[in-house]
Each structure stands twice: as structure tokens, then as C-alpha cells.
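For reference, the structure is listed below as C-alpha cells.
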Amino acid sequence: MKNLFFLLFTAIMLTSFAADDKHFLTDATYRAKVHKQFESRKKEAAGRQEALFSVFQKEKLSTEQREALEFLYAYMPLSDLADYDGKFFLEQVKVVLKARDSFAWGKNIPEEVFRHFVLPYRVNNENLDTARMVCFNELKDRVKNLSLYDAILEVNHWSHEKASYRGTDMRTSGPLSLIRTSWGRCGEESTLTTTALRAVGIPARQCYTPRWAHTESNHAWVEVWVNGEWHFIGACEPEAVMDVAWFVGPATRAMMVHTVVFGLYEGAEEKNNITPWFTRINILKHYADTRRVNVQVLDDNNQPVQDAIVKFNVFNGGSLSPVSTNATDKQGKVSVVSGKGDLLIWANKGDRFGYKISMPLDENNVVRLNLRPGTPLKDEFILNPPPGRPVKDVVTDKGADNAARSAQDDLIRNAYMQTFITEDAARQFAKDNRLDEEKTWKVLNNAQGNWRDLRDFILKEKNNPDLFPFLEVLTEKDLRDTPLNYLLDHLQDRKTLKIKAGTPDEMVVPFILSPRIENELIRPWRSFLQKNISKSIQAEALTNIDKIVELIKSKVKISEEENYYECPISPVGVYQLGLADKRSRNILFVAIARSLGIPARSGFSNPQYYEKGEWKTVYFEAGESAVAVPAKGTLVIDNQSKDNARPVYNISLFSDGDFRWRGFGGARGNRDSNADPNRVPLDAGYYRILSGIRGNGGSAYISLQHFEIKGNETVTLPFKNPEIVTKIEVKGAFDMETKINTNDNKSVSLKTLSKGKGLALFILDPNKEPSKHILQDFPSVQTEIQDWGGGVVFLVPDDKVSEAFRVSAFPGLPAQAVWATDQKRVLLNAITKVLNFEIVDNFPLTLYISDKGEILYDAVGYKIGTGKDILNVIELEKKK
């Protein structure tokens, strides 16, 4: 018996040792590369050695855990080295290895796929949190007995229970913040869904079309790995099967779809960018017809230019936006796989630059760097998007069950949203504490699921006269995801804060007390900086800003590419790590200045501080003098647009080889909304003014001019909005005596609703993102639509009605808007019969119908800017 016990004990111990010695990185050569990179990052992160690396000594790690942790450290962006610690990353590793061993599919996932698409904790530029642990605990019992395929669908339903689409600003909330809010944009939904899938050991990656070419904005979704193949799903938009989504049609017109792969990646996909820390892969071929765009960059002497930066641009959001950025090789060459549309190829090396319009048949493109700053230039051109291709609706017998399940998801989410504070409760809270009712309700309502933290913050600071001015400088998203203790770090009593002499009272809250600098996550930094910066520097900085500049230069080295997700590093993280991108360094400058009572803000590529009645710019890369007041001039626009229409443009300053938007212009909004759009104050420099208009087919008609403005100089520039010669066309006739039953139980004819002027009709699936974009378009055109005075009808097929949808979530709709339900799609079917096409799920359908019943405009599916399209048709009809 003793011998038997000894043999059994020995077998158990050997098995245990074998498990502890199991490699996460089984290829010795690859493992050596990772370890070398890990050792390099340890040296870089010397400022946070204890916080990051003590976990290797203090914790008993298996070989797998150690190698997985080394892999993460070796390739994580600087933001993660700076703002999180070793315990956080170790927990990520423990959960992901547990997930691999908990589900049947775990053992079938190849090492490379698991390493790059399950292990990484970060999806994009979101704030990191403990979502992986939360998701694993909530999902493990729901998916443990499912096939991999069905588990993916189940995870997407779970994600839909937690969040649905609603547009918001470009800062990406973390998954738990999104869950707390219950809604967000596509980038946030796909971050949540990817995180949830990885949490249960399913390979997933977030896919982006960085900018559409045929309409505005962009889109993100999720790809999942199943038995050796990648499939797509709409994040938080569950379907009955994979590879079905509303964005399939728009994606056939994409110029680029890519994803960032964490770490040294050796997969077979087309690679746009390969760096020591990540690889950006091109997966456009999954969705659209493609072409290879070959580029050679030459200098004035027709010699190849190595290491030139090449940007492949489309028109989007009123400006030229790159869908891929690459560098040339020794022969001055670079290539990229893109969609079959036009590109503006921009190339530069230093201040020398050039560009070329590349069309689908242009296989080889030569760009000459024959332009310099100061060179006047004027050009007009058209950029045509890919035509796309037909997409067949997928019919499945599971559709009805999935619709019912999705409706149940909505009810679960809606029940959670009912826990948010009500208006009555918010007003009673305000009364009880002698607070302004309107301001209190607005703050707590905008806080959504974070309302308790905001309530407690208000309660603690209710006697501070800066309370509501402080809250008003925060964004709505700040209110939704900033914890109580973070807010408390920043709202300091003016009596205890030394404010720079001569600071105007109205600048104290927005430029000293405010924690909002750029679009970074608000974190506590004020008390840390006040404690860790020497008292002598604090005192001297009030009269000599160079003390802050010298401090930062002495502590912070710059590395642009290593912070590759472009997630701003917190001021505390930059201060401790001593390594940052320029943007994060600039945020640190503003944070230090504000902590010391000096008004400061983030300027265009350089921070600024206020002194003696003017904003002064800090130049970290300058020579002897790091501070300057930029010379200023004035641009006068000689508006020659048709009918003296308001000029629509944006203005960009030349910097680092390209033009970068300055925040001016009729299309993008002036910094001063009351400013004269024909007279623009500018710092001295070399600029581009660009104007573009998009036709109904998606083509962009663009005009641009390059000009230089010097200090104390006024430059007059002739300007004309681009024009599209469009003829109004009758696409069909519809009986305007047709009646609809409105949601307030009225039977009314389309003729009556048109009020003798016409009718804008929108047939929606209000649960899907494309229809929500229609509703979000209206605030920008609300006044014009109301002044026109015709009819506006939002019609929802009865099979798309959802109890979770709330019209109140979309303010800014025209006052004359009417909502109705289309029973059994009777009206929809009548319209599609007239137009001779069929719609199953490709909503929205947008129509403009004249008072006589002439269908003058139709658009199907995803499109940004529909409200402006309707206004254009109304104007054309008036001139008919």
C-alpha cells in the first residue's frame, strides 16, 4: 500500500510540475523574440518598475502565466504601461487561461490565434477596466454547454441586453462604463462585444472601416474565429446566424476595412503596417471588390524618395481623411489594397509634398514632391466611391425566434434603465438641498447609470459656488463615466488654490478647475501633481512658465509610435513613466499648469497658457525660447458662391508635412459660433481651405486652395462653394389620399400631412443603427425643415416596433413630425411596388414626395446626411 501511495503521489506531482512547465509560447524562436522585447520594455518602464514588474517576484507564476504576461508587457501601448499595474495584467492572464480550459472550444484554438485574438485585454482606445472578469462570470454558465457557433450568438445577445446604439462623442468608454450607460456608438458596442467574446475564450477582433467614401462617418463591427475561418457579426445587434448584418451593403462600397493585431504577428492576411509592437491587417477582401494601388514617390530630380509618408485619402466629414498611412521603401515605393474607388494620394518627406488623384484603373501612381510651404495652389476634382455590389437578403427559419429574443433583450435593458433617477426624484433632491432644479435634473439625467456618483458629488460640493459651472464644462460622457472620487480631486475651493494673479474670473472654472483637457478619460491628477512637484517650482512657475517646460523636458522622453492606439496617457502616468507621445506630454503641461492655478488649454499641436490678456503657445521642440505669442493675420473670404450662399469650408494648417484641421469653417463650426464666416483670424502660417459637397450617389465634389498668411497681414481669397448640377427626376407616382394611422390614434391622409408643400417620409427599423442615424441627422436641419413647413412622417413597420425604443432619446426632430405604424407593411409594399424594388430588412427607406404625389427622392439603407439631402430636394423642387 505504501508503494502504491508513493507511486500515486509521484504521478500527481509530475503531472503538476508538467502543467507548471507548460509553455504558452511553444516555439522557442518566437519565445526568444518576445522575451527580448519584454526586457527592452522593462528598461523603458524604469519609472514604474515596482508597480509593473514586482508581480513576477511576489506572485507564484506558472510558466504559461509568466510567458503570457511577458507577451502582454512586450507589446502593450505606452498608455497601459503608464496607467495600470502588474496585478491588473496578471488577473487578465489568469481569467483568459481559465476560460481556455473551461470551454470545449478552448483546446481547438491554434496557439497563434489564441495569442493574438483572445489573450489581449485591449480592443481599441478604450479605458481599461475589469470587464473581462465580469463578462466571464456572467457568461460562463450561459455558454458552457453550447457549440462555439451558438456561443457566439449567445454572447451577442448578452451584449445586446447590456447596450444598444446611440451616437456619442469620439472618446471610447470602457465596456463597464458602456454597460452602466446602456448605450453607445458602434466603436463602443464592438469593444464590449469583442471583450465579452474573448472573456469566454472565443477569438474575436474589432473591424473598422476608418472612413466611408460614399457617405460620412465610419463603422465598426466584430469578426469571430470559428473552426479556421473568420465570420462577422454586428456588435450588440444579434442576428439568427453569423455573416448577416445591416452593414453588408455599405461595406461593399468600403475603401478599407482593417484591424490592429496586438504583438508580433505572423498571420497570412494582407498587412498595411508592421511595427515592433503591432500589425495592422487589411481584411477588405472579406467584404468588397478590391484593387492594388501601387505608388512611387519621386523628388524634383525624378529620384526615388525613401521613407516618404504616403496617405491614401477619401473625402469624409468635410475633409480629406486617410484610410491607410504607409512609408516608402528604398525604391520610393509602397502599395496598399483598397476598394475600387478614387483616392487622393498624399506624400511628403519633411516639408516637401505632392499629391495625385488615383482612379480605379490607375494601377501605378507617381507622386512628385514638387510643392513647398508657401506655394499658392488651387484645384478642383471629384472623388468617386466604389459602386458596391448587390447583396442578397439571407432568409432563415430562425428569424422569428431571434426577433423575439432580441425583443426580450430590449426589455431586460429597458428594465435596467428604469433604475435611473426620475425627473421628479431629481427635482425633489434639488429642493431638499436648495439647489437649482433645472441644472440638477440636467446633470443627473445626463449621468444616466452614473447618476448616484453625480448625486453624491453634488451633495458633497453643494456649498461650492463653482459646483454647477464646473459640471457644465464637462461633456455628457464625462458625467456618465467619471467616478465620484475622480471628480472630488478636481473641484477645489478657490480659497485654498493659488490662482495666478491677473486671471479673469471667467477663466478659473474652464481653464483651471476643469479636468477636461482634450478627449482623454478624466482621471485624478491634481492632488498628485500638487504633492509631487516641488514647492519652489510651483512658486516660480506662477511668474515663469519655463519652469514647467524645463520640468517636463527633464522627466519625459518622446516616443510617438509606441502609443499606437492613441489612447492619451494620464498626467500621472506620463509623470511616473517618463515616456509618452507628444499629445500626452502636452496634456501633462496643461494639467500641471492648472494644478498650480495657471489658466491653460490644449492648443493646435501645442499647449497654451494665459498671461497678461493673451494666450501664449508653448513649443517643446523650440530652441532657446519655448514660449511665444503667435503672430496673427486675417483671412477675408470673397464669397462668390451661388445665390450668396453661406460659405461651407474647413481650414487646415500645414504642420509636419500635411494640413491639419484648425477647427474653423462653416462645415465644421467656428470656435466662435457668432463669428463672421467671411472673416477669419489666423495665426501666421501656410493653410489649406477645402470645400466639398457630396452627391446623392456618394461622389464628392471638392475644391481646395493653399495660401500663406503672415503676421499683421490680411489676405483676401476668392471662394466658391462647389456645385452639383442636379436635375430633379420623378421616380414614380403615389396616391396622396392614402391614409395612415398615427400613433396618437388619428387617421390622416398623406395629402393632409404634406400641407400643400410636400412630404418627407422615413420608414425605419428604430432598433438598428442606420435608422438611428436618420434621427440623429435632424438637429442640424431642424430649423430649416420647420421653416419649410411641409410634412415629416416616421413610419415603423409593425414587425419592427419595439417597446424599448424611446423617441425622447432623439431630441431635435422637427415640430411637425408624425409617428405611425405600418400594419403588415401595407404602405411599404405599395411604395416599393411603385419604385420596383424590394426591402426585407435594409432600412431605412427615405422618400421625398411632392404634394402632387411625385416621388422625387429615394434612398435605401445606411446614409449620413439624409436631412441635408431632403433640404436640397426641397430647394430643387421650388426652382422646378
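The values are calculated or read from the model by the stated rules, or taken from the named source; none is laboratory data. Please read all numbers here as calculations on a predicted model, not as lab measurements. In this analysis, Cβ positions are derived from the backbone assuming ideal geometry, glycine residues included, and neighbour counts consider all displayed protein chains. Protein only, heavy atoms only, side chains kept; ligands, DNA and RNA dropped before computing areas. Shrake-Rupley method; radii C 1.70, N 1.55, O 1.52, S 1.80 Å.
Quick look at the numbers
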{"item": "Scope the stretch 738-759; condition in contact with a Leu (Cβ under 8 Å, 6 or more places away or on another chain) and among the β-branched types (Val, Ile, Thr); matching residues", "result": "738, 740"}
{"item": "Failed item in (1) of a type outside the set (Ser, Thr, Tyr); (2) part of a strand (DSSP E or B); (3) open to solvent by 40 Å² or more (accessible area, probe 1.4 Å), with residue 331 passing the rest", "result": "(2)"}
{"item": "Residue that is least open to solvent (accessible area, probe 1.4 Å), among those in the stretch 744-770 that are out of contact with any strand residue (DSSP E or B) (no Cβ under 9 Å at 6 or more places or on another chain) and assigned to a loop (DSSP other than H, G, I, E, B)", "result": "756"}
{"item": "Selected residue (only one of 806, 825 is open to solvent by 10 Å² or more (accessible area, probe 1.4 Å) and touching a Pro at 6+ places or on another chain (Cβ under 7 Å))", "result": "825"}
{"item": "Filtered residues of the stretch 726-743 (kept if free of Cβ contacts under 8 Å to residues at least 60 places away in the same chain and either part of a strand (DSSP E or B) or more than 20 Å from residue 857 (Cα to Cα) (or both))", "result": "739"}
{"item": "Identity of the residue in the stretch 414-444, under 31 Å from the mean Cα position of the chain (by Cα) and among the hydrophobic types (A, V, I, L, M, F, W, C), that ends up surrounded by the fewest Cβ atoms within 10 Å (Cβ to Cβ)", "result": "415"}
{"item": "Positions within the stretch 93-148 being closer than 16 Å to residue 193 by Cβ and either open to solvent by 50 Å² or more (accessible area, probe 1.4 Å) or assigned to a helix (DSSP H, G or I) (or both), in sequence order", "result": "99, 117, 131, 132, 134, 135, 136, 138, 139, 142, 143, 148"}
{"item": "Boolean, residue 127 is under 27 Å from residue 278 (Cα atoms) and modelled with pLDDT under 95", "result": "yes"}
{"item": "Candidate set: the stretch 712-725, residues that are part of a loop (DSSP other than H, G, I, E, B) and either touching a Leu at 6+ places or on another chain (Cβ under 7 Å) or over 28 Å from residue 878 (Cβ atoms) (or both); chosen: the one most open to solvent (accessible area, probe 1.4 Å)", "result": "712"}
{"item": "The one condition in (1) assigned to a loop (DSSP other than H, G, I, E, B); (2) under 24 Å from residue 114 (Cβ atoms) that residue 215 fails to fulfil", "result": "(2)"}
{"item": "Residue under evaluation residue 406, criteria (1) surrounded by 14 or more Cβ atoms within 10 Å (Cβ to Cβ); (2) within 30 Å of residue 698 (Cβ to Cβ); (3) modelled with pLDDT under 95; (4) not aliphatic (A, V, I, L, M), criterion not met", "result": "(2)"}
{"item": "Residues of the stretch 234-247 classified as open to solvent by 10 Å² or more (accessible area, probe 1.4 Å) and within 28 Å of residue 566 (Cα to Cα), total", "result": "1"}
{"item": "Selected residue [in a helix (DSSP H, G or I), on the phi < 0 side of the Ramachandran plot, free of Cβ contacts under 8 Å to residues at least 24 places away in the same chain and of a type in the set (D, E, K, R)] from 427, 413", "result": "427"}
{"item": "Members of the stretch 26-65 found to be assigned to a helix (DSSP H, G or I), out of contact with any Leu (no Cβ under 7 Å at 6 or more places or on another chain) and among the β-branched types (Val, Ile, Thr), listed by number", "result": "29, 63"}
{"item": "Residue within the stretch 445-463 that is surrounded by 20 or more Cβ atoms within 10 Å (Cβ to Cβ), closer than 29 Å to residue 507 by Cα and touching a residue at least 40 places away in the same chain (Cβ under 8 Å) present", "result": "yes"}
{"item": "From the options 512, 552, residue that is of a type in the set (Val, Ile, Thr), touching a helix residue (DSSP H, G or I) at 6+ places or on another chain (Cβ under 7 Å) and closer than 30 Å to residue 275 by Cα", "result": "552"}
{"item": "Among the residues listed as 225, 246, 221, the single one being farther than 22 Å from residue 72 by Cβ, in contact with a Phe, Trp or Tyr (Cβ under 8 Å, 6 or more places away or on another chain) and in a strand (DSSP E or B)", "result": "221"}
{"item": "Residue in the stretch 483-493 that is in a loop (DSSP other than H, G, I, E, B) and under 28 Å from residue 80 (Cβ atoms) present", "result": "yes"}
{"item": "Selected residue (criterion: modelled with the lowest pLDDT) from residues of the stretch 492-508 that are hydrophobic (A, V, I, L, M, F, W, C) and open to solvent by 10 Å² or more (accessible area, probe 1.4 Å)", "result": "497"}
{"item": "Among the residues listed as 554, 527, 534, 605, the single one being of a type in the set (Gly, Ala, Ser), surrounded by fewer than 19 Cβ atoms within 10 Å (Cβ to Cβ) and in contact with a strand residue (DSSP E or B) (Cβ under 9 Å, 6 or more places away or on another chain)", "result": "605"}
{"item": "Qualifying residue in the stretch 196-214 (condition: buried (at least 24 other Cβ atoms within 10 Å of the Cβ), in contact with a Pro (Cβ under 6 Å, 6 or more places away or on another chain) and either modelled with pLDDT of 95 or more or not aliphatic (A, V, I, L, M) (or both))", "result": "yes"}
{"item": "Verdict on residue 366 being at pLDDT below 95, open to solvent by 10 Å² or more (accessible area, probe 1.4 Å) and β-branched (Val, Ile, Thr)", "result": "no"}
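This table checks each residue for (1) in contact with a His (Cβ under 8 Å, 6 or more places away or on another chain); (2) within 30 Å of residue 211 (Cα to Cα); (3) hydrophobic (A, V, I, L, M, F, W, C).
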position	(1), (2), (3)
380	no, yes, no
390	no, yes, no
393	no, yes, no
397	no, no, no
412	no, no, yes
420	no, no, yes
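This table checks each residue for (1) under 27 Å from residue 722 (Cβ atoms); (2) in a loop (DSSP other than H, G, I, E, B).
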{"residue": "313", "(1), (2)": "yes, no"}
{"residue": "321", "(1), (2)": "yes, no"}
{"residue": "337", "(1), (2)": "no, no"}
{"residue": "344", "(1), (2)": "yes, no"}
{"residue": "378", "(1), (2)": "yes, no"}
{"residue": "381", "(1), (2)": "yes, no"}
{"residue": "388", "(1), (2)": "yes, yes"}
{"residue": "392", "(1), (2)": "no, yes"}
